[in-house]
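The values are calculated or read from the model by the stated rules, or taken from the named source; none is laboratory data. Treat the numbers as computed from the prediction; the structure is a model and nothing was measured. Neighbour counts are summed over all protein chains in view; Cβ atoms, including those assigned to glycine, are modelled from backbone coordinates with ideal geometry. Surface areas here come from the heavy atoms of the whole protein model, side chains and all, with no ligands, DNA or RNA. Shrake-Rupley method; radii C 1.70, N 1.55, O 1.52, S 1.80 Å.
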Amino acid sequence: AMHENRGAFRNLTVFGRLRDGAELETARAEARGIAERFLHSHPDTYGQVQDFGVDAAPLQDEITRGARPMLLALLGTTGLVLLLACFNVANLTLARQARRRRELAVRAALGADRWRLVKGPLSEATVLAVSGGALGLLLAAGSLGVLKQFLAGLSPRVAHIELDVPVLLFAFALSVITGLGFGGAPLLANRSALVGHLRDGGRGTAGSGRARVRGLFVAAQVAVSTVLLIAAGLLLRSFDRLQSVDPGFATENVLTARLALNWTKYDSPEKTLDFFDRVLDRLQAHPAVVHAAVGSAAPLTQGGMMSQDFRIAGREGETDRGPAPTLDLAFVSESYFEALSIPLIRGRFFDGRDHADAPDVAMVSRTFADRTFPGEDPIGQRLLFGDQGAAVEIVGVVGDVRQLSLDRQATDLLYRPIAQTGFSNRIVVRTRTEPSAMARDIAAAVRAVDPQQPVERIETLESTRRASLETPRTTSLLLSLFAATALFITLTGVTGVVAWSVAQRTREIGLRMALGAQRREVLQLVVRQGLKLVAIGAAAGLAGAFFFTRLLSDLLFETRAMDAATLVTVVAVLLVAGLFACLLPARRAADVDPNVALRSE
């Protein structure tokens, strides 16, 4: 059959193993040579096909292509959260060092060398890094099952994901290195600076320098949080639009099932049609069934679609100037469109007139009709396919259907009646009640006609739709959790830095209030300091988001990588959250008693 109709069996996937030492480019060159031989030996079939060719690609790349964009985005997100944690550890280390600075200064003045000064704090940083790494490994082992479930629909290699030794060692080593680097580096203070701190009573440029460093770390935390919040906002906005997209068909109370007919038994269109007619008669007689139909493919399911080049009858000369256009083919029964509530735009549905001995007819999607016959009536137009001599007349135009997935635009689609083609492998049933209850009845109807015929993948169309949304939903949820965690850590850091600054400036604040400063002015002074750090970090985060969101471009649906509404919302959330983070230390500063503050110095 393939040799007789090469035009209908053109999209094939062939698996092969390269010989030892063979290069991929060599295989690609040989594949291109095969395509050239096809063109020379069958110019009428392949010569006018747009982008016809044969290519070779590594199987590893093909089976991981669906998961790669999402995993790269999550990898980048994990790296940002790790960086955020490092900034926080460094800030906490600086705060702890500030509290012990007088002690360290005394020890330095008494002759302690650098190693003795940092040995204790560095040991604490080591314990913190090792403990954090061990806890992370335990969490990774516990969440492996969730990760596999999350990736199940993206790659067949998911079952082989394991926490192997190299991955564990890499993750643990990264935890220890980052913990020591960010937790220990701030401890390597200059010994003479410590002695100077003891001489000037703890005031001077050293304190202001530490304040600037801590402020820099907080601004960096805000920048990282800004990037993650923008990424989460983009994914949530994209997911919301994906949920609300019109698929072109109704999913409520629709059940689908797949049939792989035995071609040695059903070796003619007549036998195939007889089988499906008998099955549909049994299903249509069921009191819960509204419409029962069959088709070569159900929406949002893989397989069953064929790509075919075509010509418009009477205009064959127009395609000689370039490659022939192509469309997708589907073969359906009369009730298919009613079962899926696909609207009729013009003309008529298939009916009893379209039998095997009648002239060949077809229905087309609205997109195909508008694109192929602009300003013309598509009804009555005739199409020619491949080497086929008889023309197919268009008798109806139906609404567009997102056949492959919700995030892909409707393609040019042509429907042929199975009464004239004899090809189908899907059952579609619309019910009056909950469709899941019909699963056994579908299997029973098929067994009553052919006890040896298996029925596969009996599922509701609504569950298929939800499954198609599972990956963007889970990705949005994970990134939102990362962003929420980052925001919490950042706000904690802002509160800590502002509180530390208030503690360092207690005498200054008391003096201001003694000279007549109002409580409101003190509040504004402290809040302004915290919001300045938030604003600087947000500005840096916006610049960083410009690059990071490029990783998300393949995951977004009808959403720009730098969506203005998302950017404005994130900045507003950061400023409001930063304001609340500054209020607690600001109120403490405003409650300072000038007499107590001045006597403390």
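Points to keep in mind about this one:
- Inter-site label distance for residue 78 and residue 488 at 7 Å from Cα along Cβ, in nm: 2.0 nm
- Ranked from largest to smallest solvent-accessible area, with a 1.4 Å probe on the protein heavy atoms, 19, 473 come out as 19, 473.
- Between residue 312 and residue 290, full extension at 0.36 nm per residue minus the direct alpha carbon distance yields a gain of 4.2 nm.
- In a DSSP loop and with at most 16 other Cβ atoms within 10 Å, the trypsin sites (Lys or Arg not before Pro) in the stretch 343-439 are 348, 353, 408, 432.
- Theoretical FRET efficiency, 1/(1+(r/R0)^6), r = Cβ-Cβ of residue 30 and residue 264, R0 30 Å, to 0.05: 0.35
- Rounded accessible area of residue 407 (nearest 10 Å², 1.4 Å probe): 90 Å²
- Two-site FRET efficiency, residue 583 against residue 169, from Cβ-Cβ distance with R₀ of 45 Å, rounded to 0.05: 0.50
- Order of exposure, largest accessible area first, which applies to 475, 492 with probe 1.4 Å: 492, 475
- Cα-projected label distance for residue 40 with residue 517, points at 7 Å along beta-carbon direction, nm: 8.9 nm
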